[in-house]
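Scroll down for the structure; my scribbles are underneath it.
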Amino acid sequence: MTQPEEKKVKNGSRAKKVRNMILKILGAIVIAIVLFLGIVYITNVISSNSEAKKIEPYGQHVSVDGKNMNVFIQGEGKETIVLLPGYGTAAPVLDFKLLIDQLSPYYKVVAVEPFGYGLSDGTEKERTTENIVSEVHEALQQLNINQYMLLGHSIAGIYGIDYVNKYPNEVTAFVGIDSSVPTQPGMDVKFPLKTFAFLKKSGLQRLAVKFGSDPYTGLPFDDHTVEQMKMLSNKNSNSSTMLNEMDHISSNFKGAQGLTFPKELPLLLFVQANNEGVKGWIPLHEGQIKDSVHGKVITMDGEHYLHHTLFKEIAEDVRAFMNEAK
């Protein structure tokens, strides 16, 4: 064998060794990823089963469309306030609890957990505004609640504007807590539903939450309530019911664009003063009350969940507004 041939063989052998080493490294990485995902998945299954036993019941179940919808009632006032949550609020009753405690000495407060939220069942029924509104109304009918103020957070502004037009003889006022407006920009976005579903089922969602920042830090919830909310969040966030509602966000907003609040309906809107994410946030709400006989916008310094920190102020302003509206 000539010297050039020997060199060629050596180079080929060296290249083969390098290639084999790279393949072994890649194989080890793949095995490590598979093991990691397996551990995350199994941990999620075990944790979910364990948490299911620790979640404490509250409220009462009402039969709607053959499923259980959870409703919490506190207070014995002559007037009733019905609370509706924003999208993705995993435990509405607990999330609203600080506000409920402020309102319940003066009102009968009814917090409804739509399907997929809190302790309510999930559902395969499409999460259109029409279905959600109809289901909430049916729950109230089952409880013989026929006259009430409607107080909604965030996306409940979309469901609420439909609701008050469908049941004008039942709703005595609408109160929005940083409530969504049908014409707000950016609601035609397409969400990566399959990615969210994978994160949920794989357990990666739980892992991300565990090592992420705590959304309840600095808020006046007690430790036990926070623990319960976190477990319900692990259970409900990105469930099939929630993802179906997410898939309908764009069409639900679009469907509400032709609606306005009835002119004679008292309308109180609490609005985040410094929302930099939505252009014209305050003017959008001012536009909603401009034709109202009794309408008011109150801007507040706080985060989107204004009722987490400004529950006392909200309760006081609701009482004052309703006394003026009588």
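Worth pointing out:
- If you go through region 227-236 and keep only what is touching a Phe, Trp or Tyr at 6+ places or on another chain (Cβ under 9 Å) and either open to solvent by 40 Å² or more (accessible area, probe 1.4 Å) or more than 17 Å from Ser50 (Cα to Cα) (or both), you end up with just Lys230.
- Residue satisfying condition, being within 27 Å of Met300 (Cα to Cα), open to solvent by less than 40 Å² (accessible area, probe 1.4 Å) and in a loop (DSSP other than H, G, I, E, B), within set Ser180, Ser213: Ser180
- Meets criteria (within 24 Å of the chain's Cα centre (by Cα) and either among the acidic types (Asp, Glu) or in a loop (DSSP other than H, G, I, E, B) (or both)) for Asn275: yes
- For region 40-124, no strands (runs of 3 or more DSSP E) sit wholly inside it while including 1 or more residues that are within 21 Å of the chain's Cα centre (by Cα), among the hydrophobic types (A, V, I, L, M, F, W, C) and under 25 Å from Phe198 (Cβ atoms).
- Matching residues in region 183-210 - criterion: being open to solvent by less than 50 Å² (accessible area, probe 1.4 Å) and more than 28 Å from Ser251 (Cβ to Cβ): Ser202, Gly203, Leu204, Arg206
- Every test in (1) without any contact (Cβ under 8 Å) to a residue 40 or more places away in the chain; (2) farther than 25 Å from Tyr148 by Cβ; (3) open to solvent by 20 Å² or more (accessible area, probe 1.4 Å); (4) not hydroxyl-bearing (Ser, Thr, Tyr) is passed by Gly302 save one, and that test is (3).
- Residue check, His294 open to solvent by less than 80 Å² (accessible area, probe 1.4 Å) and under 20 Å from Pro85 (Cβ atoms): no
- Only one entry in Phe321, Phe253, Phe221, Phe270 is out of contact with any Lys or Arg (no Cβ under 9 Å at 6 or more places or on another chain), of a type outside the set (D, E, K, R), more than 25 Å from Val189 (Cα to Cα) and in contact (Cβ under 8 Å) with a residue 24 or more places away in the chain, namely Phe270.
- Residue count for region 129-149 satisfying the condition of being crowded, with 17+ Cβ neighbours inside 10 Å and assigned to a loop (DSSP other than H, G, I, E, B): 1.
The values are calculated or read from the model by the stated rules, or taken from the named source; none is laboratory data. Everything numeric in this text was worked out from a predicted model, so none of it was measured. Here Cβ is always computed from backbone atoms with ideal geometry, including for glycine, and neighbour counts include all displayed protein chains. What goes into the accessible areas is simple: the full protein's heavy atoms, side chains included, and nothing from ligands, DNA or RNA. Shrake-Rupley method; radii C 1.70, N 1.55, O 1.52, S 1.80 Å.
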